[in-house]
Amino acid sequence: MKTSKSQIETKILKSSRGEIFFADDFSNYGSSENIRQVLSRLEKEDILYRLAQGIYLKPKKDALLGTIYPNIEEVAKEIAKRDKARIAPTGVMALYLLGLTTQIPLKAVYLTDGSQREIKIGKRTIKFKKTVPKSFAIKDELLHLIVQSFKEVGQKDISELFLKQIKNAVQQLEKTVVESQLRYAAVWIQKQITNLYQKDID
């Protein structure tokens with residue numbers, strides 16, 4: 001037990017504040033039960049903070065703000081990195097990441113080619129929704145967010161206000177990205193983005 005605790009502590013103390021750890025990261029240091037006990041003890045000693053089952057944070061402290069927690073997007077990316085899976089935000093999360101809404105979604109939904117699951121992080125939930133490989137045909141992150149935002153609003157509910165809000169993001173797209181990847185979006189979305197992009201060029 002001492003050896004496991006010592007090895008785990010050393011790895012954590014050498015890491016940066018704000019780093020996320022998974023119980024699996026310490027699988028070489030002992031049995032699952034041993035590791036669970038050590039992490040639980042480090043949590044009680046305030047060295048670690050438990051974000052969710054098997055997911056821990058080395059807290060970053062601020063004199064004024066106190067403990068600074070990672071956002072949902074950071075946690076989702078770390079989980080994907082561990083699972084060697086691709087993820088892509090959808091729905092309200094896409095709108096939020098583009099700055100089209102200030103409300104952080106209680107349930108952040110991501111497409112994934114990894115395992116389908118839901119993970120509770122405090123009051124929020126990260127949902128990984130299994131999808132087909134062609135969902136990742138759009139590799140440019142900005143274009144993906146724009147396309148998903150259009151899908152979330154829906155073809156019938158597109159307003160002038162929404163088009164005005166999203167135009168700035170569309171204008172930031174690289175011409176090569178528009179020419180090579182836009183074709184993977186639904187036709188009605190292609191038309192909307194092309195129209196906004198062309199207006200910018202004109």
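Listed values, structure above:
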quantity	calculated
Pick from the range 99-142, criterion closer than 30 Å to Leu161 by Cα and of a type in the set (S, T, N, Q), ranking: nearest to the chain's Cα centre (by Cα)	Thr125
Which numbered condition Ser40 fails, given (1) assigned to a helix (DSSP H, G or I); (2) on the phi > 0 side of the Ramachandran plot	(2)
Within the range 28-47, tally of residues that are among the hydroxyl-bearing types (Ser, Thr, Tyr) and at pLDDT 90 or above	1
Residue within the range 80-93 that is touching a strand residue (DSSP E or B) at 6+ places or on another chain (Cβ under 6 Å) and among the acidic types (Asp, Glu) present	no
Some residue of the range 62-84 being touching an Asp or Glu at 6+ places or on another chain (Cβ under 7 Å) and surrounded by 17 or more Cβ atoms within 10 Å (Cβ to Cβ)	no
Check on Thr112, of a type outside the set (D, E, K, R), closer than 20 Å to Leu95 by Cα and modelled with pLDDT under 95	no
Among the candidates Leu39, Leu57, Leu48, Leu13, residue that is touching a helix residue (DSSP H, G or I) at 6+ places or on another chain (Cβ under 6 Å), outside the structural domain of Ala108 (by TED's automatic domain parsing) and of a type outside the set (D, E, K, R)	Leu48
Counted residues, the range 3-55 - those being among the basic types (Lys, Arg) and under 26 Å from the mean Cα position of the chain (by Cα)	5
Residue among Gln116, Gln155, Gln171 that is in contact with a Lys or Arg (Cβ under 6 Å, 6 or more places away or on another chain) and surrounded by fewer than 16 Cβ atoms within 10 Å (Cβ to Cβ)	Gln116
Residue that is surrounded by the fewest Cβ atoms within 10 Å (Cβ to Cβ), among those in the range 122-150 that are over 14 Å from Ala76 (Cβ atoms) and β-branched (Val, Ile, Thr)	Val132
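The values are calculated or read from the model by the stated rules, or taken from the named source; none is laboratory data. This one's a predicted model, so the numbers in the text were calculated from it and none came from an experiment. Glycine also receives a Cβ, built like all others from the backbone with ideal geometry; neighbour counts cover every protein chain displayed.
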